[in-house]
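The values are calculated or read from the model by the stated rules, or taken from the named source; none is laboratory data. Keep in mind that what you see is a predicted model, and the values were worked out from it rather than measured. In this analysis, Cβ positions are derived from the backbone assuming ideal geometry, glycine residues included, and neighbour counts consider all displayed protein chains.
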Amino acid sequence: MGLESKAYTIEFNKLQHGLNRDEFILDHSFMEAFEFSPVKAISVKAAVEIDKSENMYGFEFELIGSASVSCDNCLVSIEMPIHQNFSFLIKMSEANNFDNPDMIYLNRNEIGYDLKQYLYESVLLSLPTKRDCDGLPEPKPCDKAVLNKYSENEENVDPRWDKLKDIL
């Protein structure tokens, strides 16, 4: 899986049968491992409930916090709230298989599972696809200079582009 970290590893032998709870704090140091991430700064609490049975582990996650991202319109850094629930199952089997996103099959000899990549992807999936200042409370942190420059460029469109519109 690449980025292994003991801090985010669930060790199966330390879990009791039934419900187990754990909590992870995801912050700047967590994001440093993901060099090309579109998100650099986060402050998220990841609460996890693990239901252990004989050959299966059910994981329920609740992510609460915020992530600092660039506005798609004006490029200013904005805080996007995160509040999302995720779940998946781990079933112990004869071989590892990660093809199903809802069920992970792990070899019975595995002693733990590193959640770091799953937590990272869950944070990214918790963010809206359109990240802008529109949903933020007043006063909005929009960079007016960038927005003005953008609208100026829209007004000064090369007339050759208009001829392409006639093709449609």
message = Within the range 58-116, take every residue that is part of a loop (DSSP other than H, G, I, E, B) and surrounded by 15 or more Cβ atoms within 10 Å (Cβ to Cβ) and give me the one that is modelled with the highest pLDDT.
response = LEU115
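Okay, residues lined up against (1) charged (D, E, K, R); (2) farther than 22 Å from ALA7 by Cα; (3) more than 22 Å from the chain's Cα centre (by Cα):
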{"residue": "ALA95", "(1), (2), (3)": "no, yes, yes"}
{"residue": "PHE98", "(1), (2), (3)": "no, no, no"}
{"residue": "PRO101", "(1), (2), (3)": "no, yes, no"}
{"residue": "ILE104", "(1), (2), (3)": "no, no, no"}
{"residue": "TYR113", "(1), (2), (3)": "no, no, no"}
{"residue": "SER122", "(1), (2), (3)": "no, no, no"}
inquiry  = Consider the range 9-51. How many of its residues are closer than 16 Å to VAL69 by Cα and among the acidic types (Asp, Glu)?
reply    = 3
message = Among the residues in the range 2-17, are any in contact with a Lys or Arg (Cβ under 7 Å, 6 or more places away or on another chain) and without any contact (Cβ under 8 Å) to a residue 24 or more places away in the chain?
response = no
